[in-house]
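Undergrad: The structure follows.
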Amino acid sequence: MFQNTKCECGHQNPVGTVLCESCGKPLDEALLQDKNALLEMRYDGVARRSQKANPQLIDRIWNFFSSVKIAVYLIVITLIGAAFGTILQQESTIINLTERSEFTAFYKEQYGTFGVVYHALGLSRTYESWWFIGLLVMIGTSLVVCSLDRVLPLYRALSKQQIRKHLQFINRQHVVYSGDLAQDQSEEQWLDGFAQQLKRRRYRVWREDGALLAEKNRFSRWGPYINHIGLIIFLLSVLGRSIPAWHMDQYLTLYEGETRQIPGTNYYLKNDKFTIDYYSDEELASNQKGTKVAKLYETKARLYECTDACDDPTREPVLTEIKQHDIRVNSALAYKGLKVYQNSFQEKVRFISVHPTLKDTAGDSAIGAFDLRMDHPDEEYRIGEYTLKLVDYYPDFGLDEQTRPMTKSRDPNNPAFVFRIMGPDVQEKGEVYIYFPMPSEKSKYYESILNESFKQRGDSSGRFSIQVENPIVDGQMNNIEYSAYTTYLNIRMDRAMPYVWIGAAISMIGLIMGFYWQHRRIWLRIDGGKLSLGGHTNKNTYGLRADVAGALGKTGISVDPKALDNRRNER
């Protein structure tokens, strides 16, 4: 249906306009009939897209996201979802677990049935989940649409303000005054004096044909939208943290002498040495004497960057040292946004490498020794005329339910090496030998039993053995390189954080603008010696009344500020 939106002043207004964009006369029939009702001045009655009478599909989507009520619902749902994520420990904070089955076992062991349900529902990965990220995206979309739906009409209204307004517009503001000028007063002289008084109160004044418009602190109207811009930047920064290159927060376990790649990067980290210093009894309180309290613990670390063969599993990566730093609590290794923090440590003896000897048991003679690393062992070792080929490697040896060899984890906690020994006077297919470096009774039992089974199957004659010669000399380990401590390092990288702070700062600027300043406007017209004044502010009507009463008083019109309040006449 065609709708006539042309005002009596001759201005053609867009469909949906409540107050004439030129003179301010109410166009809505309900507003015209209730002449005592104050006018809604939030957007000066300018039409908004979300108020379209016959919305299409895109308009309905726009209306959904432009609703403040919907935005509040989204924020509340997001807060509730975030609260669920704090009930139990999140997967990203658990050290040394990577596989889903490992996380399932962890939650079952630590929290029982509730933990199993919590993990199955995906709440253990709340902040990385699709629904949580989706809620953040919807909140950001709502902020953008809400801002555009309101800021564009507001800008259009404030940038094209007319000085002379309709009497209905003036008389239905929060602050009003009407009266006659004194007979001996010239209209122009009185307007000059009134305008001067308003300028002293930091108003900007425009005049036209016996009418006046005074305004100050218009910039405060943009405060909420600047706040929205800050929040949008903040949300985009939070979402940016899901990009691997922008954010990292993980843990790396390193024993002394170990070099490991930082997952997801071309950087490698080496633990040269871990040092711990304890408080002496003289430095401790009386109730702590005789206990071990760490005073200082540090990891002497080296950071390397891979420059060649980084993704080639058949070659050793070429590493270039780029930084060395002693990592302590609150003293992180930092390099190009990457930070490595000292998290904790564990006092645990762990073999790094051994220097065993290949022996011929028939003559009890040593053939030769070689260096064997507990992790990443070589595929082949040459010892004199003999060659040891690594057939199988179990970092953490164990037996499954069918008593078949398997590894419990990828960490070399109890390594087992299966070699095929080739050389002179050895059968063509070689002899198989399994070697356990760990000097535990259980490991040696496995070594004895399994080698005996190889002998019975014909894979071995029992001629060879591998063992460390003189493993302990004068109470010290010999031919064995070991680590006494394992250190846990927290690897962090957050390229989004500067943008988070920028967004927070912009948001705070918008809040300050909106809270500490008020947009005040005064319209005035004189018709045949009769003065009509209306004033509006988005908040703090008391201050506007004081400004108007003070300016009128200086120009010869004494009025009580309370008498200017138009809301006393509201029904």
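Undergrad: Test residue 333 against the stated conditions and say whether it is hydrophobic (A, V, I, L, M, F, W, C) and closer than 21 Å to residue 246 by Cα.
TA: Considered against the rule, which asks whether it is hydrophobic (A, V, I, L, M, F, W, C) and closer than 21 Å to residue 246 by Cα, residue 333 comes out as yes.
Undergrad: Give the residue, chosen from 408, 323, that is at pLDDT 90 or above and not aromatic (Phe, Trp, Tyr).
TA: Exactly one residue qualifies, and that residue is 323.
Undergrad: Do we find that residue 135 is within 30 Å of residue 90 (Cα to Cα) and either of a type outside the set (A, V, I, L, M, F, W, C) or in contact with a Gly (Cβ under 8 Å, 6 or more places away or on another chain) (or both) in this structure?
TA: Numbers: within 30 Å of residue 90 (Cα to Cα): yes; either of a type outside the set (A, V, I, L, M, F, W, C) or in contact with a Gly (Cβ under 8 Å, 6 or more places away or on another chain) (or both): yes.
Yes: the conditions hold for residue 135.
Undergrad: Go through region 371-380 and report how many residues are assigned to a strand (DSSP E or B) and over 15 Å from residue 467 (Cα atoms).
TA: Number satisfying all stated conditions: 1.
Undergrad: Test residue 330 against the criterion of being among the polar types (S, T, N, Q) and surrounded by 13 or more Cβ atoms within 10 Å (Cβ to Cβ), and give yes or no.
TA: Details: among the polar types (S, T, N, Q): yes; surrounded by 13 or more Cβ atoms within 10 Å (Cβ to Cβ): no.
When the stated conditions are applied, residue 330 does not pass them.
Undergrad: Here's something else I'd like to know. Residue under question is residue 371, and the condition is that it be among the acidic types (Asp, Glu), at pLDDT below 90, over 26 Å from residue 490 (Cβ atoms) and in the same structural domain as residue 420 (by TED's automatic domain parsing); does it hold? Don't jump to the end; show me each part of the working.
TA: Details: among the acidic types (Asp, Glu): yes; at pLDDT below 90: no; over 26 Å from residue 490 (Cβ atoms): yes; in the same structural domain as residue 420 (by TED's automatic domain parsing): yes.
Answer is no for this residue.
Undergrad: Related question: Among the listed residues 443, 453, 448, identify the single one that is among the small types (Gly, Ala, Ser) and surrounded by 15 or more Cβ atoms within 10 Å (Cβ to Cβ).
TA: Within the list 443, 453, 448, the selection yields 443.
Undergrad: Also, quick follow-up: Does residue 510 satisfy the condition of being over 30 Å from residue 334 (Cα atoms), within 52 Å of the chain's Cα centre (by Cα), in a strand (DSSP E or B) and at pLDDT 90 or above?
TA: It is false that residue 510 is over 30 Å from residue 334 (Cα atoms), within 52 Å of the chain's Cα centre (by Cα), in a strand (DSSP E or B) and at pLDDT 90 or above.
Undergrad: Considering each residue of region 142-182, count those that are closer than 25 Å to residue 533 by Cβ and touching a residue at least 12 places away in the same chain (Cβ under 8 Å), and give that number.
TA: Adding up the residues that qualify gives 26.
Undergrad: For the structure I just gave you, tell me whether residue 401 is part of a helix (DSSP H, G or I), acidic (Asp, Glu) and without any contact (Cβ under 8 Å) to a residue 40 or more places away in the chain.
TA: Taking the combined requirement at face value, the residue does not satisfy it.
Undergrad: Please tell me if residue 337 is within 30 Å of residue 421 (Cα to Cα), at pLDDT 85 or above and of a type outside the set (Phe, Trp, Tyr).
TA: On the way: within 30 Å of residue 421 (Cα to Cα): no; at pLDDT 85 or above: yes; of a type outside the set (Phe, Trp, Tyr): yes.
In short, no.
Undergrad: Still on this structure, I have one more. Select from region 516-571 the residues that are within 16 Å of residue 41 (Cα to Cα) and either without any contact (Cβ under 8 Å) to a residue 24 or more places away in the chain or part of a helix (DSSP H, G or I) (or both) and list them in ascending order.
TA: 539, 540, 541, 544, 566, 567
Undergrad: Residues in region 367-392 that are exposed (fewer than 13 other Cβ atoms within 10 Å of the Cβ) and touching a residue at least 40 places away in the same chain (Cβ under 8 Å): how many?
TA: Total meeting the criteria: 0.
Undergrad: If you go through region 354-394, how many residues are closer than 21 Å to residue 259 by Cα and in contact with an Asp or Glu (Cβ under 6 Å, 6 or more places away or on another chain)?
TA: Total satisfying the criteria: 1.
Undergrad: Further question on the same structure: Go through (1) among the acidic types (Asp, Glu); (2) in contact with a Phe, Trp or Tyr (Cβ under 7 Å, 6 or more places away or on another chain); (3) modelled with pLDDT under 85 one by one and return the number of the condition residue 364 breaks.
TA: In the conditions (1) among the acidic types (Asp, Glu); (2) in contact with a Phe, Trp or Tyr (Cβ under 7 Å, 6 or more places away or on another chain); (3) modelled with pLDDT under 85, residue 364 misses (2) alone.
Undergrad: I'm trying to understand the selection: among the residues of region 35-47, which are surrounded by 18 or more Cβ atoms within 10 Å (Cβ to Cβ) and of a type outside the set (Gly, Ala, Ser)?
TA: 39, 41, 43, 44, 46
Undergrad: May I pose another question? Suppose we filter region 216-228 for residues that are within 19 Å of the chain's Cα centre (by Cα) and surrounded by fewer than 19 Cβ atoms within 10 Å (Cβ to Cβ); how many remain?
TA: Matching residues across region 216-228 total 0.
Undergrad: Of 525, 521, 492, 545, which residue is among the charged types (D, E, K, R) and closer than 30 Å to residue 352 by Cβ?
TA: 492
Undergrad: Same structure, new question: Quick one: count up the residues across region 301-327 that are of a type in the set (D, E, K, R) and surrounded by 16 or more Cβ atoms within 10 Å (Cβ to Cβ).
TA: 3
Undergrad: Oh, and also: Among the residues of region 297-352, how many are of a type in the set (Lys, Arg) and touching a Lys or Arg at 6+ places or on another chain (Cβ under 8 Å)?
TA: Selection size over region 297-352: 4.
Undergrad: Taking residue 65 as the residue in question, decide whether it is under 23 Å from the mean Cα position of the chain (by Cα) and in the same structural domain as residue 144 (by TED's automatic domain parsing).
TA: No; evaluated as a whole, the condition is false for this residue.
Undergrad: Within region 251-263, is even one residue over 20 Å from residue 485 (Cβ atoms) and touching a helix residue (DSSP H, G or I) at 6+ places or on another chain (Cβ under 7 Å)?
TA: no
Undergrad: Residues of region 78-91 being surrounded by 13 or more Cβ atoms within 10 Å (Cβ to Cβ) and under 18 Å from residue 130 (Cβ atoms), which ones?
TA: Of everything in region 78-91, those that are surrounded by 13 or more Cβ atoms within 10 Å (Cβ to Cβ) and under 18 Å from residue 130 (Cβ atoms) turn out to be 78, 81, 82, 84, 85, 90, 91.
Undergrad: Residue check, residue 565 against (1) surrounded by 18 or more Cβ atoms within 10 Å (Cβ to Cβ); (2) within 14 Å of residue 173 (Cβ to Cβ), all met but one. Which one?
TA: Result: residue 565 fails condition (1) only.
Undergrad: When you scan region 16-132 for helices (runs of 4 or more DSSP H) that lie fully inside it, which ones turn up with 1 or more residues that are at pLDDT 80 or above?
TA: Values: elements: 29-33, 57-66, 68-84, 100-120.
Here the list reads 57-66, 68-84, 100-120.
Undergrad: Output the residues belonging to region 142-195 that are closer than 23 Å to residue 519 by Cβ, among the hydrophobic types (A, V, I, L, M, F, W, C) and assigned to a loop (DSSP other than H, G, I, E, B).
TA: 163
The values are calculated or read from the model by the stated rules, or taken from the named source; none is laboratory data. Small disclaimer: the values here were computed from a predicted structure and weren't measured. Virtual Cβ from ideal backbone geometry, glycine too; neighbours counted across all protein chains shown.
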